[in-house]
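Here's the structure, in structure tokens; my notes come after.
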Amino acid sequence: MKPLLPLSVLVLLTACRKDPGGSSPTPDSQDPGLDVSVRLAPGEVRAGVVRDGAALFGGSSAEGQEGDFKIYNDRVQFIVQGIRDSSYYESYGGGLIDMDIVRPVGQPGRDVVDELGVMVGLGRLLAPDAIDVVADGSDGQAAIIRVTGHGAPMTLLTGALESPGFVPERDVVIVTEYTLRPDSYLLEARTDVQWQDVSTAVQIGDLAMIGMEVLDNVQPGRGLEGGSESPTGEWLGVVGRQNEVAVAFLSDQEAFSQGAIGTLLAEIGPVLAALSPSLTLAEGDTATWTRTIGVGPDLATLTGAWNAARGNATTTVGGLVTSADGPVPGARVHLLDGAALETIAVTDGDGRWSADVRAASPQAIATGRGRGEVVDLPAGAGWVSPYAHADVAAEVLSSLSDGALPIPFADGYGISEARAASADTALQLVAPGRLTVTLADGGPAIVRADFAGGDPVVADAARVPGRPSGAAAFGYMRDGSMDLPLEPGDYHITVHRGPRYEAAEFDVSIASGGQESISADLALSLAPDGFLALDPHSHAAPSGDGGLPMADRLLVMAGNGVQVHFGTDHDHVADYRPLLAPLGLDGLLNSVVADEVSPVLRGHTNVYPLEAQPDRANHGAPRWWEGIVDTESYYADLRAWAGPDAIIQLNHPDGSSGMLGVANYEVGTGVVGKPDFFSTAFDAMEVLNDGNYGDFVPYYLDLVNRGYDPVPTGVSDSHGYRNGVGENLTWLPLSRSPDGGLDNAALSRSLREGGTIVSRGPFLDVRVDGDWAPGQLYEGAVSLDVDVRAASWVVVDTVDLLENGVVVDSRPWEGTPLRFSLAPDADAVYVVMAHGAQRMAPVYPGQTPWAMCAAIKVDKAGDGWEPPLPDLTLGD
């Protein structure tokens, strides 16, 4: 897990600051103006204040509210945040926070913009003093919204540095106007800068945090991220992974300049930085920078409109994409100038496409391969945002169960040959076959399709994404049946539901246009009475580095047999629970509201269980970037915010994003080199993170040997569709309530009792006189009974008993319960570990089995347990 900001960014950041000043009019002070919820006809455009949820739209990043501003026509719609505190990281307002095409009734919105701010010099953002509707468009002319403000620091940067004065004040007035014309897909943006301070070199730019969990990044010249051609910088683009939307920042004058600043900003996270060339501003200077922001059904629509606005000479090309079973809707057509990408068109419902290109001899390649990640959701299902308006959220949640108007998407069709592009280009793809997979119990599952003889397609990474984890495809089933589109060929199929179940394997041959079916019966093999399988750390769309939507995260968890999901997104309190019923997962999967609080210099911590506070930015998540003095007081603040029953968990505790690592905690000596970065006020710690326990277990053993009692947890820390989900678990003595729910107080109480099993595959049953032993303290010598339970594909070889962190008894596991004598010479702490050398194929072939129980203490004389090692030393 990398830090939110790399150290290279922290070292090189420079910017300028002016404290907010003047009045901040609220949206209520604005003239109500036009009703911006009304759908417009061709030739119309409008701008005004949002007065109800009907004017807003959905998407992975949707956060528009009443009081924000909307500018739109019959094709596209944009939301400008009002002067209010907002979610995500920068709260100044005045930026574009939502954008989408105007969709047909019955199709959920597809916003992908987390936040977008105007920047004048690295880290100096436009903080608005006023937002005005200059022209509402009712006269048939362009609609214009003007944002007037001053420069203010990007608090994510100053907070990451823990140096609020790092950005010096500068006197600057910044005015940005957004202009939208009738019948246009392009929003014209103009920023005027009035510099009233010392001479400074700056770049003016748009800094956009983008929801890459649903997008492919596309650059002119290069193509997709895997391309080897150099980007031209003429525009920056993203397209929906399933063609849901296209967004582009298009240059008006010189190409966008990335340079060192752009490279550093790209390391922050999913950032598009559209930057002007560098210029030096002295006192009294003014500067103007214009650019265009487009949203459309495909990139070709945007680049065509942009070329026309610039007066570039183009040729119209187009044609039909077909397969043996007819036209192919939703195929991507890549238009090339030599090997360099110029734009991408998407075929319509009849398989036709069109694009205006500048290339003298353009080439066209059609692709319909997809990413190989097939999620069992109804056609047209929308993306959930934790901050969407209630009216918008209701529509999206309904689409998860009932579906909605779909968007064409070609999946499993492979790649065409390149053809010279003309007005009537014929491109041919190969139709996939369909594999129908059903489960006897009607539950969720994971379906993995592996090429029997390797991938037969030599794919260009500039045109299609690589295959998922080397497989042909993964399917994420939710309700006992799903169809998987597969390119013609031979496949080995694995159907599983994680470590609690047996797996099923099949070999199938798929013909183009054919249909094959398999049925699996996944036998339950691991169901310890009174325990639940938890994954207390994973991410989805709310996290800047999340790699999948919220609904997909829950289906992945359920498919891998996880029983309790924790929504630990970076610096967001996102409630996943409303998604469970529409997904049909009620009673199978519970979700805990949580937050991974992620300060760069203090290490990351999970806090749970929580409840979202919808009336607060980020639903109440702590804004650590607004100031931390030391870790002790920071943890006290977390406790005061979350409540006395909340669990504070150290995440990946070693390294640059773990508290013990940044505090320079030395295992063995117990010396904490940076006490101001350290606290013992945590309740739990990860000892298994995405398969890795070797880096973290030594810290746990050192702490318990010094008398501390952190609860050990095993987590996936998954940011994508795999990344350890299911294979990394925490088993907790806990039961669901009679209605299938999960009581937060019971969860917290059970965790505090400390009786967890951390598992990469097997479950350990560890008892003294028939009673659960992990987390307990015993007086005098006792006998410890250990049983290992696992599915047949999880093969354990050895069980080890550790006393005070050292293996004192190691025995082969032969399927019969073992008894260990805990009779130390002095007070001691014991841990049981089990492991095996055989990889956990076919379910998790990249890992071998491992498990560990929480520490068990023995007070030899019954006179009070004393730790085997001395207390920590704070400071060198």
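Every residue, every condition in (1) of a type in the set (Gly, Ala, Ser); (2) over 26 Å from Leu660 (Cα atoms), yes or no:
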residue: Arg760; (1), (2): no, no
residue: Asp771; (1), (2): no, yes
residue: Tyr778; (1), (2): no, yes
residue: Val806; (1), (2): no, no
residue: Gly836; (1), (2): yes, yes
Criterion: hydroxyl-bearing (Ser, Thr, Tyr) and out of contact with any Gly (no Cβ under 8 Å at 6 or more places or on another chain) - qualifying residue of Ser354, Ser361, Ser385: Ser361
Answer yes or no: is there a residue in segment 363-376 that is part of a loop (DSSP other than H, G, I, E, B) and hydrophobic (A, V, I, L, M, F, W, C). no
Identify, by number, the condition in (1) farther than 30 Å from Glu487 by Cα; (2) exposed (fewer than 15 other Cβ atoms within 10 Å of the Cβ); (3) among the hydrophobic types (A, V, I, L, M, F, W, C) that Ala248 doesn't meet. (2)
Considering each residue of segment 315-331, count those that are more than 35 Å from the chain's Cα centre (by Cα) and open to solvent by 60 Å² or more (accessible area, probe 1.4 Å), and give that number. 4
Taking segment 819-856, which residues are open to solvent by 30 Å² or more (accessible area, probe 1.4 Å) and touching a Leu at 6+ places or on another chain (Cβ under 8 Å)? Arg819, Ser821
Residue count, segment 45-62 (criterion: part of a loop (DSSP other than H, G, I, E, B) and out of contact with any strand residue (DSSP E or B) (no Cβ under 6 Å at 6 or more places or on another chain)): 5
Positions within segment 613-652 being farther than 23 Å from Thr155 by Cα, at pLDDT 95 or above and either of a type in the set (Asp, Glu) or under 21 Å from the mean Cα position of the chain (by Cα) (or both), in sequence order: Gln649, Leu650, Asn651, His652
Residues that are without any contact (Cβ under 8 Å) to a residue 60 or more places away in the chain, over 26 Å from Ser61 (Cβ atoms) and not β-branched (Val, Ile, Thr): find the strands (runs of 3 or more DSSP E) completely inside segment 190-235 holding 1 or more of those. none
Residues of segment 299-316 being among the hydrophobic types (A, V, I, L, M, F, W, C), more than 16 Å from Leu336 (Cβ to Cβ) and in a helix (DSSP H, G or I), which ones? Leu302, Ala305, Trp306, Ala308, Ala309
Report the residue count in segment 388-438 for those that are charged (D, E, K, R), open to solvent by 50 Å² or more (accessible area, probe 1.4 Å) and under 30 Å from Phe57 (Cα atoms). 3
Identify all residues within segment 694-735 that are assigned to a loop (DSSP other than H, G, I, E, B), closer than 24 Å to Val447 by Cα and in contact with a Leu (Cβ under 7 Å, 6 or more places away or on another chain); write none if there are none. Gly720, Tyr721, Asn728
Output for segment 515-527, where each listed residue is assigned to a loop (DSSP other than H, G, I, E, B) and either within 16 Å of Ala445 (Cα to Cα) or open to solvent by less than 10 Å² (accessible area, probe 1.4 Å) (or both): Asp521, Leu522, Ala523, Ser525, Leu526
Only residues that are more than 17 Å from Met685 (Cβ to Cβ) and open to solvent by 20 Å² or more (accessible area, probe 1.4 Å): list them for segment 748-761, please. Arg749
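To keep it simple, each residue is scored yes or no on (1) farther than 30 Å from Ser598 by Cα; (2) at pLDDT below 95; (3) out of contact with any Ser or Thr (no Cβ under 8 Å at 6 or more places or on another chain).
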{"site": "Val147", "(1), (2), (3)": "yes, no, no"}
{"site": "His150", "(1), (2), (3)": "no, no, yes"}
{"site": "Leu156", "(1), (2), (3)": "no, yes, yes"}
{"site": "Leu161", "(1), (2), (3)": "no, yes, yes"}
{"site": "Glu169", "(1), (2), (3)": "no, yes, yes"}
{"site": "Val173", "(1), (2), (3)": "yes, no, no"}
Could we say that Ser469 is open to solvent by 40 Å² or more (accessible area, probe 1.4 Å) and on the phi > 0 side of the Ramachandran plot here? yes
Leu601 vs. criteria in contact with a helix residue (DSSP H, G or I) (Cβ under 7 Å, 6 or more places away or on another chain) and either under 20 Å from Arg478 (Cβ atoms) or open to solvent by less than 10 Å² (accessible area, probe 1.4 Å) (or both): no
Any idea how many residues of segment 762-771 are over 23 Å from Gly498 (Cβ atoms), open to solvent by 10 Å² or more (accessible area, probe 1.4 Å) and not in a loop (DSSP other than H, G, I, E, B)? 2
Examine segment 614-628 for a residue that is assigned to a strand (DSSP E or B), open to solvent by less than 10 Å² (accessible area, probe 1.4 Å) and touching a strand residue (DSSP E or B) at 6+ places or on another chain (Cβ under 8 Å), and state whether such a residue exists. no
Segment 371-399 residues that are over 25 Å from Ser87 (Cβ atoms) and free of Cβ contacts under 8 Å to residues at least 40 places away in the same chain, paired with ones that are assigned to a loop (DSSP other than H, G, I, E, B) and open to solvent by less than 30 Å² (accessible area, probe 1.4 Å) (beta carbon under 6 Å, 6 or more apart): Pro378/Gly403; Ala379/Gly403
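Residue-by-condition table, conditions (1) open to solvent by 10 Å² or more (accessible area, probe 1.4 Å); (2) out of contact with any Gly (no Cβ under 9 Å at 6 or more places or on another chain):
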| residue | (1), (2) |
| --- | --- |
| Ala62 | no, no |
| Glu66 | yes, no |
| Asp74 | yes, no |
| Val80 | no, no |
| Tyr89 | yes, no |
| Tyr92 | yes, no |
| Met99 | no, no |
| Val105 | yes, yes |
| Glu115 | yes, no |
Candidates Leu554, Leu534, Leu580 - the one that is crowded, with 24+ Cβ neighbours inside 10 Å and free of Cβ contacts under 8 Å to residues at least 60 places away in the same chain: Leu554
Here is a check on your reading of the model: is Gly780 open to solvent by less than 40 Å² (accessible area, probe 1.4 Å), at pLDDT 95 or above and touching a helix residue (DSSP H, G or I) at 6+ places or on another chain (Cβ under 7 Å)? no
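A quick yes/no check of all residues on (1) within 27 Å of the chain's Cα centre (by Cα); (2) of a type outside the set (A, V, I, L, M, F, W, C):
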residue	(1), (2)
Pro108	yes, yes
Asp129	no, yes
Asp132	no, yes
Asp136	no, yes
Asp139	no, yes
Ile145	no, no
Met154	yes, no
Could you list, in sequence order, all residues of segment 117-139 that are modelled with pLDDT under 95 and surrounded by fewer than 19 Cβ atoms within 10 Å (Cβ to Cβ)? none
Give the residues of segment 199-226 that are modelled with pLDDT under 95 and surrounded by fewer than 21 Cβ atoms within 10 Å (Cβ to Cβ), sorted by residue number. Ser199, Ala201, Glu225, Gly226
Of the residues Ala340, Ala359, only one is small (Gly, Ala, Ser), over 30 Å from Ser87 (Cα atoms), in contact (Cβ under 8 Å) with a residue 12 or more places away in the chain and open to solvent by 20 Å² or more (accessible area, probe 1.4 Å); which? Ala340
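The values are calculated or read from the model by the stated rules, or taken from the named source; none is laboratory data. Predicted model, so just to flag it, every value in this text is computed and none were measured. Every residue, glycine among them, receives a Cβ derived from its backbone with ideal geometry; neighbour counts consider all protein chains shown. These accessible areas exclude ligands, DNA and RNA; they are computed on the full protein's heavy atoms, side chains included. Shrake-Rupley method; radii C 1.70, N 1.55, O 1.52, S 1.80 Å.
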